[in-house]
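Reading through the structure tokens given below for one structure.
The values are calculated or read from the model by the stated rules, or taken from the named source; none is laboratory data. Every value quoted in this text rests on a predicted model; they were computed, and no experiment measured them. Cβ placement follows ideal geometry from the backbone for every residue including glycine, while neighbour counts extend to all protein chains displayed.
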Amino acid sequence: MEPFRIKAVEPIPFPTPDQRRTALANAGYNLFRVPARAITIDLLTDSGTNAMSAAQWSALLSGDESYAGATSFERFEAVVRHLTGYDEVIPVHQGRAAERILLGSLLRPGDISVSNTHFDTTRASVAATGATAIDLPVDTSTSTSFGGDIDLDALHALLDGQDGAHVRCVVLTVTNNAGGGQPVSMANVAGARALCNAFDVPLLLDASRFAENAYLITERDPDHAHYSPREVAHLTFSLADGCWASLKKDGVGNIGGMIALRDAELARRCRDQLIAVEGFPTYGGLAGRDLDALAQGLQEVTDPAYLRYRAQSTRWFGEQLLDAGLPVLLPTGCHAVYVDAAALLPHVPTHQLPATALANELYLAGAVRVSELGTLVFGRRDPGGGPDLPAPRELVRLALPRRVYTKSHLEYVVEVAAGVVAKAAEIPGYRIVEQADTLRHFSAVLAPALTPVA
Ligand code: F0G
């Protein structure tokens, strides 16, 4: 059960079926464009949607809003140093600012960044520097416990091959959000460390979900079963040269991010950038009070009772959805349940966006908002004007905001999902009417594939 009780509540909306149809059509069939007042259960993301604790709310009041040298920064810096072991701590307003600044300070045109999987904003930041992002995820049909691992053989081959000299960083995204939210094992981090040593390349972590990764290691790796999640997190950070994180996830905040490094010279270059685009290095685009709430959140998030509840409730939710007939990816991680939309909707061809089709249907059926991680997000436009180059998988993600929804909220989602499964064969595909060049899923306008647009 939830290892907390509820002190503040907010009402949730219950739009009627008609209101849902209208809201989705007005939003160009893109759930990012649907207003939150038309959503009953919002599983779009676990990012910035966390419920803060009483201790975090009280920490807000000790926020020091001094422009330079605020004591809030000192508290934040001490917590991050203690957690990561990295001396150079740079706050930013969210994860993608960290990516833009750190990767922008590190990469040059022609360079390569290689990862288990770059998250979409990470990939966009790599591309903005003129460098290339290469993903080398492990084959998940052979590794079920640690499906977030990087393929070490492929990494070795890349570093040792003709492009090896261009590799400027190896990035492990923990947990691997774009790859089903699966954890990266300690052995994999150590293996990547050894290769980075051999080829003199820095190893960086996208540590946005470091606590969930650490907890899943204690659950799935008998060698680490007796460690606390915090100890496993320490070990993970100790093997890398630095990290960045969106603290809207395991910082249990509503906004925030950070860069933390060993390399003082790289940190200096990052701070130069930071001052130009985020703010002075002791606040980095955040209010002092945000830094205090995050410092508190970063300490709470490794509580074993919280992480056990987090992993167990997500597993329970995944099992219920599976029983309801959704093709759920197993094992579940912590922050979300992923569903294979292509398996549920074989009649919807990839270029008609099966993952979008399933996501939209969950909204129409019960005002449940989820996100698509399929061809709309990860597909590529064909430069020749043909159909999109498809994403590797057509996934739908039901992300779980931290400490926000109870079991009965999730039971409602399971009921809605069962209704969608019952009419799966009638669910239409979608086509893209308007799209941006990068990160198109946030703003694209769509239409049902079989209905001509007026
Ligand atoms: N890295 C990972 C692994 C992420 O999941 C995200 C964001 C970011 C970086 C970017 O951080 O949003 O603070 O700028 N993921 C959110 C999600 C958006 O829904 O998964 P940000």
Answer with yes or no whether E212 is charged (D, E, K, R), more than 25 Å from R96 (Cα to Cα) and either in a helix (DSSP H, G or I) or assigned by TED's automatic domain parsing to the domain that holds I101 (or both).
no
If A124 meets every condition in (1) more than 16 Å from the ligand (Cβ to nearest atom); (2) buried (at least 17 other Cβ atoms within 10 Å of the Cβ) apart from one, which number is that one?
(1)
Out of I101, I112, I need the residue that is of a type outside the set (G, A, S), within 16 Å of the ligand (Cβ to nearest atom) and over 28 Å from L400 (Cβ atoms). Which one?
I101
Residue list for region 191-230, restricted to those being surrounded by 24 or more Cβ atoms within 10 Å (Cβ to Cβ) and among the charged types (D, E, K, R):
D206, R209, E212
Restrict the check to region 139-160 and report whether at least one residue is at positive phi and not hydrophobic (A, V, I, L, M, F, W, C).
no
Among the residues of region 160-188, count how many are more than 19 Å from F210 (Cα to Cα) and surrounded by fewer than 19 Cβ atoms within 10 Å (Cβ to Cβ).
7
Output for region 252-278, where each listed residue is out of contact with any strand residue (DSSP E or B) (no Cβ under 7 Å at 6 or more places or on another chain) and either over 28 Å from W57 (Cβ atoms) or without any contact (Cβ under 8 Å) to a residue 60 or more places away in the chain (or both):
E265, L266, R268, R269, D272, Q273, I275, A276, V277
Looking across region 112-152 at residues that are among the polar types (S, T, N, Q) and within 18 Å of L439 (Cβ to Cβ), the single one that is modelled with the lowest pLDDT is T121
Report every pair of residues separated by at least 6 positions or lying on different chains whose Cβ atoms are under 7 Å apart, first residue within region 176-188 and among the polar types (S, T, N, Q), second assigned to a helix (DSSP H, G or I) and away from the ligand (no atom under 12 Å from the Cβ).
S185/I217; N188/L152
Go through G318, G333, G374 for me and flag whichever is out of contact with any helix residue (DSSP H, G or I) (no Cβ under 9 Å at 6 or more places or on another chain), under 23 Å from V413 (Cα atoms) and crowded, with 22+ Cβ neighbours inside 10 Å.
G318
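Specify which of the listed residues (Q296, Q312) is farther than 16 Å from L43 by Cα, among the polar types (S, T, N, Q) and either in contact (Cβ under 8 Å) with a residue 12 or more places away in the chain or assigned by TED's automatic domain parsing to the domain that holds A245 (or both). Don't jump to the end; show me each part of the working.
Values: Q312 fails: either in contact (Cβ under 8 Å) with a residue 12 or more places away in the chain or assigned by TED's automatic domain parsing to the domain that holds A245 (or both).
Result of the check over Q296, Q312: Q296.
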Please go through (1) of a type outside the set (S, T, N, Q); (2) more than 16 Å from the ligand (Cβ to nearest atom); (3) over 26 Å from S62 (Cα atoms); (4) surrounded by 19 or more Cβ atoms within 10 Å (Cβ to Cβ) for A233 and return the number of the only condition it doesn't satisfy.
(2)
Restricting attention to region 197-216, which residues are away from the ligand (no atom under 16 Å from the Cβ) and in contact (Cβ under 8 Å) with a residue 40 or more places away in the chain?
F199, V201, P202, Y215
Just one of the numbered conditions (1) within 23 Å of A128 (Cβ to Cβ); (2) touching a residue at least 60 places away in the same chain (Cβ under 8 Å) is not true of L389; which one?
(2)
Being in contact with a Phe, Trp or Tyr (Cβ under 6 Å, 6 or more places away or on another chain) and touching a residue at least 60 places away in the same chain (Cβ under 8 Å) is true for just one of G48, G69, G85, G63. Which residue is that?
G85
Of a type in the set (S, T, N, Q) and within 16 Å of the chain's Cα centre (by Cα): which single residue out of S228, S185, S208 fits that description?
S208
Output for region 315-328, where each listed residue is free of Cβ contacts under 8 Å to residues at least 24 places away in the same chain and part of a loop (DSSP other than H, G, I, E, B):
P327
Counting only helices (runs of 4 or more DSSP H) wholly inside region 94-179, the ones holding at least 1 residues that are of a type in the set (V, I, T) and closer than 24 Å to L286 by Cβ are 95-106, 120-128
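Residue-wise test of (1) surrounded by 15 or more Cβ atoms within 10 Å (Cβ to Cβ); (2) assigned by TED's automatic domain parsing to the domain that holds I275.
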| site | (1), (2) |
| --- | --- |
| E10 | no, no |
| T45 | yes, no |
| A59 | yes, yes |
| Y86 | yes, yes |
| V89 | yes, yes |
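So, R123, is that one in the same structural domain as T236 (by TED's automatic domain parsing), touching a residue at least 24 places away in the same chain (Cβ under 8 Å) and not hydrophobic (A, V, I, L, M, F, W, C) or not? Steps first, please.
Numbers: in the same structural domain as T236 (by TED's automatic domain parsing): yes; touching a residue at least 24 places away in the same chain (Cβ under 8 Å): no; not hydrophobic (A, V, I, L, M, F, W, C): yes.
The answer is no for R123.
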